[in-house]
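Below you'll find the structure, written out as structure tokens, and then a few comments.
Throughout, read-outs are computed from the coordinates displayed, never taken from laboratory work. Small disclaimer: the values here were computed from a predicted structure and weren't measured. Here the Cβ is made from the backbone with ideal geometry for all residues, glycine too, and neighbour counts use every protein chain on show.
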Amino acid sequence: MKLNLYINKLIRRIEKKIGKKDTLDALGVTRKTISCWKYNKYDLSVDQLKQVCILASKVLEEDLRMLFMDGLIQLTEDTMKQANERKENDGLL
């Protein structure tokens, strides 16, 4: 969930700079894909995270490493939360 919010925030910032169509074209995705990311209906892969971060670093003139690391932190937190929820549901915690 945190990763989806992080990506959504980045995409909105990119869209403000270059517009929605150019953002979609640069990422090679559809509006539906972006919507699925936003509403946590579709999990992003590390490759998709990288792609968004590369575009953000170019458009927003921010450090690629920091953008990507922040995304990886969000992904890790999401993964840990999901694992803990599964353990709780299975009665392991």
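May I ask you to derive the relative contact order of the chain, considering only C-alpha pairs under 8 Å and at least 6 residues apart, and to give it as an integer percent?
On the way: 72 pairs, mean separation 33.8, N = 93.
In percent, rounded to a whole number, it is 36.
Tell me the Kirkwood hydrodynamic radius of the chain in angstroms, computed as one over the mean inverse distance between distinct C-alpha pairs. Write out the running numbers ahead of the final one.
On the way: mean 1/r = 0.0722 Å⁻¹.
Value: 13.9 Å, from the Cα pair sum.
Taking the Cβ of L3 as the center, what net charge do the other residues with Cβ under 9 Å away carry, scoring Lys and Arg +1 and Asp and Glu -1? Could you put the intermediate results ahead of the total?
Values: positive: K2; negative: D43, E77, D78.
Within the 9 Å Cβ shell, the charges total -2.
Determine the dipole magnitude for the chain: charges of +1 sit on the beta-carbon of Lys and Arg, -1 on that of Asp and Glu, nothing else is charged, the reference point is the Cα centre, and the result goes in debye to the nearest 20. Don't skip to the end; give the middle numbers.
On the way: 18 positive and 14 negative charges, 95 e Å.
The dipole of the chain has a size of about 460 debye.
When only Cα pairs under 8 Å and 6 or more residues apart are kept, what is the percent relative contact order across the stretch 11-63? Each step should come with its number before you reach the end.
Values: 26 pairs, mean separation 24.2, N = 53.
Computed value for the stretch 11-63: 46 percent relative contact order.
Taking a temperature of 25 °C and a viscosity of 0.890 mPa s, what whole-number D in µm²/s does Stokes-Einstein yield for the stretch 4-46 with Rh from Kirkwood over alpha carbon pairs?
Numbers: Rh = 10.4 Å.
My calculation gives 236 µm²/s for D.
Projected onto the charge dipole of the chain (+1 at Lys/Arg Cβ, -1 at Asp/Glu Cβ, origin at the Cα centre), which of L49, V59, Q82 gives the Cα projection farthest towards the positive end?
V59
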